[in-house]
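Here is the structure we will look at, set down as C-alpha coordinates.
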Amino acid sequence: MSDQTNVKLRLNNSELWGGLIGLALGAFVIWSGLKLKLGTINDPGSGYVLFYTGILMCAFAASIIVSAVTEGGPSFASRWEHARWSKPVLVIACLTAFAFALEPLGFLLSAIPLMLLLLRLIDPVRWPVAIPIAILAPLGMWWVLKHLLSIQLPHGMFEIG
(Lines give C-alpha, C1' and ligand atoms only; values in the text may rest on other atoms or scores of the structure.)
Protein backbone atom coordinates (compact mmCIF):
# COMPACT_ATOMS: atom_id res chain seq x y z
CA MET A 1 0.00 0.00 0.00
CA SER A 2 1.35 3.43 -0.90
CA ASP A 3 2.03 6.16 1.65
CA GLN A 4 -0.67 8.37 0.13
CA THR A 5 -3.33 5.64 0.55
CA ASN A 6 -2.11 4.99 4.11
CA VAL A 7 -2.47 8.69 5.03
CA LYS A 8 -5.94 8.81 3.44
CA LEU A 9 -7.06 5.80 5.48
CA ARG A 10 -5.79 7.39 8.69
CA LEU A 11 -7.59 10.68 8.02
CA ASN A 12 -10.87 8.83 7.49
CA ASN A 13 -10.47 7.00 10.82
CA SER A 14 -13.41 8.03 13.00
CA GLU A 15 -11.71 6.89 16.21
CA LEU A 16 -8.70 9.10 15.48
CA TRP A 17 -10.92 12.16 15.07
CA GLY A 18 -12.95 11.24 18.13
CA GLY A 19 -9.74 10.98 20.15
CA LEU A 20 -8.49 14.34 18.84
CA ILE A 21 -11.78 16.02 19.74
CA GLY A 22 -11.63 14.39 23.19
CA LEU A 23 -8.05 15.62 23.62
CA ALA A 24 -9.07 19.18 22.71
CA LEU A 25 -12.03 19.01 25.08
CA GLY A 26 -9.80 17.68 27.87
CA ALA A 27 -7.31 20.51 27.28
CA PHE A 28 -10.16 23.02 27.52
CA VAL A 29 -11.30 21.47 30.83
CA ILE A 30 -7.72 21.63 32.18
CA TRP A 31 -7.46 25.29 31.11
CA SER A 32 -10.83 26.04 32.75
CA GLY A 33 -9.69 24.39 35.98
CA LEU A 34 -6.48 26.41 36.00
CA LYS A 35 -8.41 29.60 35.35
CA LEU A 36 -10.65 28.89 38.37
CA LYS A 37 -7.64 28.31 40.67
CA LEU A 38 -6.60 24.84 41.82
CA GLY A 39 -5.91 25.35 45.48
CA THR A 40 -4.28 22.51 47.42
CA ILE A 41 -5.35 19.01 48.37
CA ASN A 42 -6.22 20.25 51.87
CA ASP A 43 -7.97 23.38 50.60
CA PRO A 44 -9.16 22.67 47.03
CA GLY A 45 -10.17 25.59 44.88
CA SER A 46 -13.13 25.69 42.52
CA GLY A 47 -11.01 24.41 39.61
CA TYR A 48 -9.45 21.47 41.46
CA VAL A 49 -11.85 18.75 40.26
CA LEU A 50 -12.07 20.26 36.77
CA PHE A 51 -8.29 20.23 36.37
CA TYR A 52 -7.87 16.58 37.31
CA THR A 53 -10.94 15.55 35.32
CA GLY A 54 -9.35 17.22 32.29
CA ILE A 55 -6.14 15.28 32.86
CA LEU A 56 -8.11 12.02 32.91
CA MET A 57 -9.99 13.04 29.77
CA CYS A 58 -6.71 13.77 27.99
CA ALA A 59 -5.23 10.44 29.11
CA PHE A 60 -8.26 8.50 27.83
CA ALA A 61 -8.28 10.48 24.57
CA ALA A 62 -4.56 9.84 24.09
CA SER A 63 -5.11 6.10 24.51
CA ILE A 64 -7.86 6.23 21.86
CA ILE A 65 -5.56 8.14 19.50
CA VAL A 66 -2.70 5.65 19.99
CA SER A 67 -5.08 2.74 19.39
CA ALA A 68 -6.52 4.40 16.27
CA VAL A 69 -3.08 5.06 14.81
CA THR A 70 -1.61 1.64 15.58
CA GLU A 71 -4.62 -0.60 14.95
CA GLY A 72 -6.74 1.56 12.64
CA GLY A 73 -10.43 2.05 13.03
CA PRO A 74 -13.71 2.27 11.17
CA SER A 75 -14.37 5.04 8.67
CA PHE A 76 -17.02 7.70 9.15
CA ALA A 77 -19.22 6.19 6.46
CA SER A 78 -19.24 2.75 8.06
CA ARG A 79 -20.37 4.23 11.40
CA TRP A 80 -23.54 5.66 9.83
CA GLU A 81 -24.25 2.93 7.28
CA HIS A 82 -27.26 1.30 8.95
CA ALA A 83 -28.35 4.15 11.20
CA ARG A 84 -32.09 4.44 11.73
CA TRP A 85 -33.03 8.02 12.50
CA SER A 86 -36.79 7.76 12.86
CA LYS A 87 -36.89 6.75 16.54
CA PRO A 88 -34.33 9.28 17.84
CA VAL A 89 -36.09 12.06 15.93
CA LEU A 90 -39.43 10.89 17.37
CA VAL A 91 -38.03 10.94 20.92
CA ILE A 92 -36.68 14.47 20.39
CA ALA A 93 -40.08 15.59 19.04
CA CYS A 94 -41.88 14.04 22.03
CA LEU A 95 -39.51 15.67 24.54
CA THR A 96 -39.85 19.03 22.78
CA ALA A 97 -43.65 18.76 22.94
CA PHE A 98 -43.36 17.82 26.64
CA ALA A 99 -41.21 20.88 27.32
CA PHE A 100 -43.77 23.17 25.69
CA ALA A 101 -46.71 21.47 27.42
CA LEU A 102 -45.18 21.32 30.90
CA GLU A 103 -45.94 24.88 32.02
CA PRO A 104 -49.47 25.26 30.63
CA LEU A 105 -50.68 21.72 31.36
CA GLY A 106 -48.67 20.88 34.45
CA PHE A 107 -46.43 17.94 35.25
CA LEU A 108 -48.97 15.12 35.36
CA LEU A 109 -51.03 16.16 32.33
CA SER A 110 -47.92 16.46 30.19
CA ALA A 111 -45.92 13.49 31.56
CA ILE A 112 -48.68 10.87 31.21
CA PRO A 113 -49.19 11.39 27.43
CA LEU A 114 -45.41 11.56 26.98
CA MET A 115 -44.96 8.20 28.68
CA LEU A 116 -47.81 6.68 26.69
CA LEU A 117 -46.33 7.92 23.40
CA LEU A 118 -42.86 6.66 24.26
CA LEU A 119 -44.14 3.27 25.42
CA ARG A 120 -46.28 2.74 22.32
CA LEU A 121 -44.15 4.30 19.57
CA ILE A 122 -40.50 3.77 20.46
CA ASP A 123 -40.41 0.18 21.66
CA PRO A 124 -44.05 -0.90 21.39
CA VAL A 125 -45.55 -2.24 24.59
CA ARG A 126 -49.02 -3.80 24.72
CA TRP A 127 -51.84 -1.43 25.76
CA PRO A 128 -52.68 -3.34 28.98
CA VAL A 129 -49.07 -2.80 30.09
CA ALA A 130 -48.50 0.68 28.62
CA ILE A 131 -51.51 2.40 30.20
CA PRO A 132 -50.77 1.51 33.86
CA ILE A 133 -47.07 2.30 33.44
CA ALA A 134 -47.85 5.61 31.71
CA ILE A 135 -50.09 6.61 34.62
CA LEU A 136 -48.28 5.11 37.61
CA ALA A 137 -44.70 6.14 36.73
CA PRO A 138 -45.46 9.90 36.47
CA LEU A 139 -47.70 9.69 39.56
CA GLY A 140 -44.90 8.00 41.49
CA MET A 141 -42.36 10.58 40.31
CA TRP A 142 -44.75 13.40 41.16
CA TRP A 143 -45.23 12.03 44.67
CA VAL A 144 -41.48 11.59 45.26
CA LEU A 145 -40.62 15.03 43.88
CA LYS A 146 -43.42 16.85 45.67
CA HIS A 147 -43.65 15.07 49.02
CA LEU A 148 -40.24 13.54 49.68
CA LEU A 149 -38.01 16.12 48.01
CA SER A 150 -40.35 19.13 48.40
CA ILE A 151 -39.80 20.25 44.81
CA GLN A 152 -42.45 22.54 43.38
CA LEU A 153 -43.69 21.31 40.00
CA PRO A 154 -45.80 23.26 37.48
CA HIS A 155 -49.50 22.89 38.33
CA GLY A 156 -50.86 23.82 34.93
CA MET A 157 -54.28 25.21 34.10
CA PHE A 158 -56.19 22.56 36.07
CA GLU A 159 -54.21 23.04 39.30
CA ILE A 160 -53.41 19.30 39.43
CA GLY A 161 -50.28 18.63 41.35
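Among all residue pairs at least 6 apart or on different chains, which show Cβ distances below 9 Å where the first residue, located in region 115-137, is among the charged types (D, E, K, R) and the second is modelled with pLDDT of 95 or more and surrounded by 14 or more Cβ atoms within 10 Å (Cβ to Cβ)?
Cβ pairs passing all conditions: Arg120/Ala130; Arg120/Ala134.
Based on what the data block shows, is Ser150 farther than 27 Å from Ser86 by Cα and of a type in the set (Ser, Thr, Tyr)?
Yes.
What are the residues in region 47-77 that are surrounded by 13 or more Cβ atoms within 10 Å (Cβ to Cβ) and of a type outside the set (A, V, I, L, M, F, W, C), if any?
Listed by number, the residues that qualify are Gly47, Tyr48, Tyr52, Thr53, Gly54, Ser67, Gly72, Gly73, Pro74, Ser75.
The values are calculated or read from the model by the stated rules, or taken from the named source; none is laboratory data. Just so it is clear, the model here is predicted, and its values are computed rather than measured. Reconstructed Cβ throughout: ideal geometry from the backbone, glycine too, with neighbour counts over all protein chains shown.
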